[in-house]
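First comes the structure, then the notes that go with it.
The values are calculated or read from the model by the stated rules, or taken from the named source; none is laboratory data. Everything quoted here is computed from the prediction, not taken from an experiment. We place every Cβ from the backbone using ideal geometry, glycine too, and count neighbours over all the protein chains shown. Note: accessible area is taken over every heavy atom of the protein model, side chains too, but ligands, DNA and RNA are not part of it. Shrake-Rupley method; radii C 1.70, N 1.55, O 1.52, S 1.80 Å.
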Amino acid sequence: MAGRPLLPEGDQAAEGRFSPGQGYADGELMAEPDEQRLFTEAGPHGRWARLCDDVDATSYRLPHYPGDCLTALSADLISSGDRVPVHEQPSAVPDLDELGRRAVATAVPQREAGLVVCENLVRIYQTEGVEVQALQGLDLTVAQGEMIAVIGASGSGKSTLLGILSGQDVPSAGGAEVAGHDLLAMKRRERLSYRRRTVGFVWQQTSRNLLPYLSAAENVMLPMTYTGIKRSRRRARAEELLDLLSVGHCRDRTPDTLSGGEQQRVAIAVASANEPRVLFADEPTGELDTATSDEVFAALRRANEDLGVTVVVVTHDALVSEQVQRTVGIRNGRTSTEVLRRVATGDDGVEVLSAEEYAVLDGSGRLQLPGEFTERLHLRKRVRLVLESDHVGVWPDEAARRARSAAQDAAGGGPER
């Protein structure tokens, strides 16, 4: 006996009780009295239809499989409990919009793993009709638990970068993610929650970090009120943080009675109050002397090691950057260099701190050569690249070579070899 479709045309996923001898009704899928019913179920080798006799006492869910054709078969063709394959009808041909969406989805490159990831980040300002490109395709990755320093001259783009990563500014183009938050796609409410819960921030100016009419403990407790932490827990956590950062003795004092170093350490406690994933600090030692700066960096290291928060410090001071294991240099709106510091044990058993500088190769294959290299070798506009077995050679073109030779002759250095 020829079968008939069990599912009406255009039917969606449904759940209902099946009874023989009835027609289709709202919310139910029915079969004819002399026919047995087929129901789909997932299996290791695909989707199958299951033939069932007793459907009066059982409810079944039929997932919606586009193109599936479930057919009720006569009882003399198949036995109850047997499985038969479900034959699929050809699916509809996708339109151009659907093909475009698929192409975009498959073309999106896999983003590098990290807690903080920036890829080809761009920030453009309009100032009095003049376009300023603060960030020009910057790449940066910070792993969970790292403490790094970002250094650069004034105007290099480091403060712009920090403003974007902390949620205070929005990039013009590129990609930026912090702890899974897409900083380009966040709406206003999401951005507010991000700044309250995911990141903490310490400003250079001590007066911007603390409210002058609150005590140190009250300043630390204040951010917790925005995240629903109970009052009893706020006081306990504030005292824990202040003790951890060696300013527990300042808990009942107002900021005007604290030294600059104490104010910044209390500010670190405020930034850590809501257990952020990342703590950003913009020139936190810019107004402090060397000894006090060491105390502030010791507090940042304790926050990093004891609280597990990732720390990103922006500074222009190369000496301050030596307090971390990785220093990222920014020049002309792009990351240009990285300095990695390691502690190695020599043959005599003495630990020695070593530092090695690398040029940053971005996702487009670009790198910035140090200025002293380009000046000394007269590298201008274009250079020749030579691929060797284990390195790439960079050579000046002929015009630059002649200029360099003339400069050496004028200096009495003799011709170039």
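DSSP loop GluC sites (Glu not before Pro) in the range 122-155 with at most 10 other Cβ atoms within 10 Å of their Cβ, which ones?
Taking the range 122-155 and a limit of 10 other Cβ atoms within 10 Å, the loop GluC sites (Glu not before Pro) found are Glu128.
Express in whole angstrom the spacing between the alpha-carbon centres of the range 241-259 and the range 292-309.
15 Å
Can you bin the range 304-411 into rounded, prolate or oblate? Criterion: square roots of the alpha carbon gyration tensor eigenvalues sorted a ≥ b ≥ c, rounded for a/c under 1.5, prolate for a/b above b/c, oblate for the rest.
prolate
Got a sec to turn the phi values of the range 162-169 into Karplus ³J(HN,Hα) couplings, 6.51 cos²θ - 1.76 cosθ + 1.60 with θ = phi - 60°, whole Hz, x for Gly and Pro?
Taking θ as phi minus 60°, the curve returns 5, x, 5, 5, 8, x, 8, 9 Hz for the range 162-169.
List the residues whose amide H sits under 5 Å from the amide H of Gly200, counting only those 5 or more places along or on another chain, with H placed 1.01 Å from N in the peptide plane.
HN-HN under 5 Å from Gly200: Val278, Leu279, Phe280.
For Asp397, which sequence-distant residues (separation of 5 or more, or a different chain) have an amide H within less than 5 Å of its own amide H, given hydrogens modelled in the peptide plane?
Answer set, sorted by chain and number: Arg380, Arg384.
Give me the one-decimal nm value for the distance between modelled label points at Asp97 and Ala410, 7 Å along each residue's Cα-to-Cβ direction.
Those two pseudo-labels are separated by 6.6 nm.
For the range 199-251, with every protein chain kept in place, what is the accessible area per residue (1.4 Å probe, Å²)?
Per residue, the range 199-251 has an accessible area of 50 Å².
So what J values fall out for the range 138-151 if you push phi through Karplus, 6.51 cos²θ - 1.76 cosθ + 1.60 with θ = phi - 60°, rounded to Hz, Gly and Pro as x?
Listing the rounded values in order: 7, 10, 7, 9, 10, 7, 4, x, 6, 10, 10, 10, 10, 10 Hz.
For the range 118-263, what relative contact order do you get, as a whole percent, if you take Cα pairs closer than 8 Å and at least 6 residues apart?
18 percent
Assuming R0 = 45 Å, what is the FRET efficiency of Leu367 and Ser232, from their Cβ-Cβ distance, to the nearest 0.05?
For R0 = 45 Å, the calculated efficiency reads 0.25.
Give me the distance in nm between label points sitting 7 Å out from Cα along the Cα-to-Cβ direction at Ser246 and Leu222, one decimal.
The two pseudo-label positions are separated by 2.6 nm.
For the range 388-394, take each phi angle, set θ = phi - 60°, evaluate the Karplus expression 6.51 cos²θ - 1.76 cosθ + 1.60, and give the result in whole Hz per residue in order, putting x for glycine and proline.
9, 5, 9, 6, 10, x, 10
Identify the trypsin sites (Lys or Arg not before Pro) of the range 204-240 meeting these criteria: DSSP loop state and at most 10 other C-beta atoms within 10 Å of the C-beta.
Taking the range 204-240 and a limit of 10 other Cβ atoms within 10 Å, the loop trypsin sites (Lys or Arg not before Pro) found are Lys230.
With only alpha-carbon atoms in the gyration tensor, what are the semi-axes of the equivalent ellipsoid for the range 176-240, in Å, largest first?
Result for the range 176-240: semi-axes of 25, 16, 10 Å.
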